[in-house]
Every structure is written in C-alpha cells, then in structure tokens.
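Engineer: I have a structure I would like to understand better, so I am pasting it below and will then ask my questions one at a time.
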Amino acid sequence: MNTSETNSNNQIRGKIRNIHTRDVLSEVELDTAAGIITSVITTSSLKSLGLMVGQEAVAVVKTTQFALAEI
C-alpha cells in the first residue's frame, strides 16, 4: 500500500522496536509519539515488506469505529 493513497490523519509514523515472528502470523511493535502500537500481520507480508527492527514505518489505521471502556 502506498501511504499517499490514504488520508494523512490515518497514519502514525514510528520506528519498529520489536518483531515477534511465528509460522503464520507475526506481531510488529511500532514505537510512536502516541505510544507503542502493535500490529498483527501475516509472516509472509512481514517478509515481503522487508520489515526490520530499527526501521521507520507507518501504521495506517483502517476502521470506522473505536470502542472505549471505563477504567
């Protein structure tokens, strides 16, 4: 996905701080100004994107609804 194709309000830039790789799915932790964002992606996508710890990346938020809970 090209980030220029999405609204800039839906993008959060950061640096990859950790990657937990499994057979099918992997977790990518992105350190951003808003805090740590964790994304679960397929391991094949992780490999095809060439994502590595220390690399800068962009989290693209695709949702129409957020749920909030009382603390």
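The values are calculated or read from the model by the stated rules, or taken from the named source; none is laboratory data. Everything numeric here is computed off the predicted structure, so don't read it as measured data.
Engineer: Would you point out the residue of region 54-71, among those that are part of a loop (DSSP other than H, G, I, E, B) and of a type in the set (A, V, I, L, M, F, W, C), that is nearest to residue 9 (Cα to Cα)?
Structural biologist: Top of the filtered list is 61.
Engineer: A further question on this structure: Within 22 Å of residue 10 (Cα to Cα), of a type outside the set (Asp, Glu), modelled with pLDDT of 95 or more and in a strand (DSSP E or B): which single residue out of 30, 51, 46 fits that description?
Structural biologist: 30
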